[in-house]
Amino acid sequence: MIEVKFGTPVPFTFREIDSSIGLDMEIHARLNGMAQVEDYDTNLYDCEDKVREAIKSNINGIITRCLNDRWNKEISVISKWSDLLGPMMDEEFKTMGITAVTFINSLAVLPEDNEKLREIRKANLREPAYTSVDGGEKDSFEKAIKENAKNISWCCSMCKTMNTGGMCSYCGFPRPHGFWGT
């Protein structure tokens, strides 16, 4: 088995759509992970190094195709990437003559896009809730929202354990950064 660790030093772009809050936005992000290559077409690749090179040199294109062509636009990329992106990448690798199981460790939205997402989500929370809140009540309400965001559940991309803290309670892997609530 060949293990190929990869990352995206150059950010990739995808469209995040959340109709419940009127979000339709181009997002720039980076990610890292690992592909465990189980088999490959020896007619296309004469050695393991060629397989590694093929994966690493095509990773941004593979991710972009998965997120922009294969992704169901009704599902939030940011909330479901850990469950769905790996299997989609496995399908892309098959088209390259590579059989692999892909694990995504983290997806990090670039800070400027992350800030825009937070503003949109904060504005969405504000619309119904803040209409009758004024002065000190509004400040305490905002504080409660920020505090609750720290306790949002997340699924560890390594062992698939649900967590609320900064590290996985089972394997110790850190909570991914770059999505709302972090």
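The values are calculated or read from the model by the stated rules, or taken from the named source; none is laboratory data. Remember, predicted model here, so these are calculated numbers, not experimental data. No Cβ is skipped: glycine too gets one built from the backbone with ideal geometry, and neighbour counts run over all protein chains shown.
If you go through region 26-43 and keep only what is modelled with pLDDT of 95 or more and polar (S, T, N, Q), you end up with Gln36, Thr42, Asn43.
For Met34, the criteria (1) touching a Phe, Trp or Tyr at 6+ places or on another chain (Cβ under 7 Å); (2) over 21 Å from Val101 (Cβ atoms) hold in every case but one, which is (2).
Within region 80-98, if we keep just the residues that are exposed (fewer than 15 other Cβ atoms within 10 Å of the Cβ) and touching a strand residue (DSSP E or B) at 6+ places or on another chain (Cβ under 9 Å), the residue that is modelled with the lowest pLDDT turns out to be Asp83. Does Asp49 satisfy the criteria of being in a helix (DSSP H, G or I) and at pLDDT 90 or above? Criteria met by Asp49. Checking each residue in region 1-22 for being buried (at least 18 other Cβ atoms within 10 Å of the Cβ) and over 16 Å from the mean Cα position of the chain (by Cα) picks out only Val4.
Looking only at region 102-123, residues that are in contact with a helix residue (DSSP H, G or I) (Cβ under 6 Å, 6 or more places away or on another chain) and either free of Cβ contacts under 8 Å to residues at least 60 places away in the same chain or more than 18 Å from Asn32 (Cβ to Cβ) (or both) come to 0 in all.
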